[in-house]
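Q: Attaching a single structure in structure tokens format; questions to follow.
The values are calculated or read from the model by the stated rules, or taken from the named source; none is laboratory data. Bear in mind the structure is a predicted one, so any value in this text is a computation, not a measurement. Because the Cβ atoms are built from the backbone with ideal geometry, glycine has one as well, and the counts that use them run over all protein chains shown.
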Amino acid sequence: MDDAVLLGKKGYRLKNTYGKGSYGKVKSAYCNRLKRLVAIKIIDKNKAPQDFLKKFLPRELEALTSLQHPSIIKTYEIFETSSGKVYIVMELGEKGDLLDYIRTLGAMEEDVARVKFQQLASAVKHCHDLDFAHRDLKCENIILDKDLNMKLSDFGFSKRLSRDENGRTILSNTFCGSAAYAAPEVLQGVPCDPRISDIWSLGVILYIMVCALMPFDDSNIRKMIHFQRQHKLPFPDTKHLTAEFKDLIYHMLQPDVTRRMHIDEVLKHPWLQTPKSTIPSHLPAAEEGESSQKLQEERPKDKQQAKSHSAEGEGEKETRSSGKNGWF
């Protein structure tokens with residue numbers, strides 16, 4: 001039975017295809033029960049590799065069923081057929097993803113970014129409080145609903161953290177995500193608490209929201225790591241930025257994991273509490289040649305993005321490879 005017939009019997013009327021991979025695809029559909037458009041991720045387990053089926057898919061399903069928050073993509077239904085297909089019915093981002101939004105409309109004013117970042121940070125706090133790390137935070141994985149509210153999506157790399165017999169978090173040895181958003185310890189292959197690495201990625205996202213630039217040029221990963229570890233951030237001279245904003249970015253993009261903010265500290269930062277400036281701006285400046293990367297270069301032009309969830313299996317995405325969104 002094909003997808004349209006099977007889903008039609010369940011009250012879904014298939015429409016557009018948003019993304020397609022070797023064993024997965026994402027389509028939009030109208031749901032008669034909900035009276036609204038939804039996104040449906042369809043995974044063919046017969047075509048998927050074993051590491052995806054044994055590790056990544058179970059983690060994704062656990063996250064989708066465990067995480068319930070207004071700023072996390074809503075999952076309406078998950079079901080599997082006897083033929084080996086898994087269907088995940090989710091909220092559809094009517095206004096697309098955050099990267100496309102910024103590329104179209106440009107940088108946000110800080111007052112606008114503050115409200116939207118509060119939504120995103122609260123979603124990350126919900127994940128971290130439940131011992132989940134997202135591990136692939138980036139603008140493409142944040143969708144916007146019809147009212148332009150932020151919704152965190154794509155939990156294919158997410159992981160519930162484990163603890164040892166003393167209650168200490170077991171560090172992650174699996175490194176995934178996009179190099180442009182990845183923390184230095186991830187790029188260098190150092191075992192780490194992935195929640196702390198999430199904070200770095202969150203800082204990159206906030207920088208992009210306000211500056212419409214990537215904070216570092218990732219065309220040379222080794223060189224980028226060198227600049228990251230110097231902790232000299234390239235804020236654009238053409239845009240007036242408050243001292244609070246710079247201070248928050250400075251402490252989120254802290255290369256020393258022992259000094260990097262935790263999510264509760266992010267949410268309590270003065271920039272998220274008041275628009276008035278109270279923090280002196282005395283941060284190390286980037287040296288000449290450390291300019292930010294243009295935003296339109298971050299994502300390959302020929303990469304089709306689904307607005308609710310990636311269509312390809314994350315087992316393949318994790319493979320280290322060369323390229324701007326890969327590994328060195």
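Q: Any idea how many residues of segment 75-89 are surrounded by 18 or more Cβ atoms within 10 Å (Cβ to Cβ) and within 20 Å of ASN141 (Cα to Cα)?
A: Within segment 75-89, residues that are surrounded by 18 or more Cβ atoms within 10 Å (Cβ to Cβ) and within 20 Å of ASN141 (Cα to Cα) number 4.
Q: Which of the residues that make up segment 122-139 are in contact with a Ser or Thr (Cβ under 9 Å, 6 or more places away or on another chain), surrounded by fewer than 23 Cβ atoms within 10 Å (Cβ to Cβ) and touching a residue at least 60 places away in the same chain (Cβ under 8 Å)?
A: Result: SER122, LEU130.
Q: When only residues in segment 1-55 that are among the small types (Gly, Ala, Ser) and within 12 Å of VAL86 (Cα to Cα) count, which is surrounded by the fewest Cβ atoms within 10 Å (Cβ to Cβ)? Write out each step before concluding.
A: First, the residues of segment 1-55 that are among the small types (Gly, Ala, Ser): 4, 8, 11, 19, 21-22, 24, 28-29, 39, 48.
Next, only the ones that are within 12 Å of VAL86 (Cα to Cα) stay: 24, 48.
Details: GLY24: 28, ALA48: 21.
Residue satisfying both the conditions and the ranking: ALA48.
Q: Only one of (1) within 23 Å of the chain's Cα centre (by Cα); (2) loosely packed, with under 14 Cβ neighbours inside 10 Å fails for MET108. Which number is that?
A: For MET108, the failing item is (2).
Q: Count, please, the residues in segment 221-234 that happen to be of a type outside the set (Lys, Arg), assigned to a helix (DSSP H, G or I) and under 23 Å from the mean Cα position of the chain (by Cα).
A: Looking only at segment 221-234, we keep the residues that are of a type outside the set (Lys, Arg), and these are 221, 224-228, 230-231, 233-234.
From what's left, assigned to a helix (DSSP H, G or I): 221, 224-228, 230.
Applying the additional criterion that residues be under 23 Å from the mean Cα position of the chain (by Cα) yields 221, 224-225, 227-228.
Selection size over segment 221-234: 5.
Condition check ((1) farther than 25 Å from VAL190 by Cα; (2) at pLDDT 65 or above; (3) of a type outside the set (A, V, I, L, M); (4) surrounded by 18 or more Cβ atoms within 10 Å (Cβ to Cβ)) across all residues:
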position: LEU213; (1), (2), (3), (4): yes, yes, no, yes
position: ASP217; (1), (2), (3), (4): no, yes, yes, yes
position: ALA243; (1), (2), (3), (4): yes, yes, no, no
position: ILE263; (1), (2), (3), (4): no, yes, no, yes
position: LEU283; (1), (2), (3), (4): yes, no, no, no
position: GLY315; (1), (2), (3), (4): no, no, yes, yes
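Q: Among the listed residues GLY19, GLY8, GLY84, GLY24, which satisfies the condition of being without any contact (Cβ under 8 Å) to a residue 40 or more places away in the chain and outside the structural domain of LYS125 (by TED's automatic domain parsing)? If you could, list the steps in order and put the result at the bottom.
A: Numbers: GLY19 fails: without any contact (Cβ under 8 Å) to a residue 40 or more places away in the chain; GLY84 fails: without any contact (Cβ under 8 Å) to a residue 40 or more places away in the chain; GLY24 fails: without any contact (Cβ under 8 Å) to a residue 40 or more places away in the chain.
Checking each option against the conditions leaves just GLY8.
Q: Moving on to the next point. Return yes or no: is LYS151 surrounded by fewer than 21 Cβ atoms within 10 Å (Cβ to Cβ) and under 25 Å from LYS294 (Cα atoms)?
A: Numbers: surrounded by fewer than 21 Cβ atoms within 10 Å (Cβ to Cβ): no; under 25 Å from LYS294 (Cα atoms): yes.
Answer is no for this residue.
Q: Tell me, yes or no, whether segment 163-181 has at least one residue that is among the hydroxyl-bearing types (Ser, Thr, Tyr) and within 16 Å of HIS251 (Cα to Cα).
A: As a first pass, look at segment 163-181 and keep what is among the hydroxyl-bearing types (Ser, Thr, Tyr): 169, 172, 174, 178, 181.
Those left that are additionally within 16 Å of HIS251 (Cα to Cα): 181.
Checked segment 163-181: at least one residue is among the hydroxyl-bearing types (Ser, Thr, Tyr) and within 16 Å of HIS251 (Cα to Cα).
Q: Out of segment 231-271, which residues are free of Cβ contacts under 8 Å to residues at least 12 places away in the same chain and of a type outside the set (D, E, K, R)?
A: If the condition is that a residue be free of Cβ contacts under 8 Å to residues at least 12 places away in the same chain and of a type outside the set (D, E, K, R), then THR238, HIS240, THR258 are the ones that fit.
Q: If we keep just the residues of segment 129-167 that are of a type in the set (Lys, Arg) and closer than 12 Å to ASP198 by Cβ, which is modelled with the lowest pLDDT?
A: Across segment 129-167, the extreme among qualifying residues is LYS159.
Q: Checking the condition assigned to a loop (DSSP other than H, G, I, E, B), in contact with a Lys or Arg (Cβ under 8 Å, 6 or more places away or on another chain), under 28 Å from GLU109 (Cβ atoms) and of a type in the set (D, E, K, R), which residue from ASP264, ASP218, ASP237 passes? Walk me through it before giving the result.
A: Numbers: ASP264 fails: assigned to a loop (DSSP other than H, G, I, E, B); ASP237 fails: in contact with a Lys or Arg (Cβ under 8 Å, 6 or more places away or on another chain).
Unique residue meeting the criteria: ASP218.
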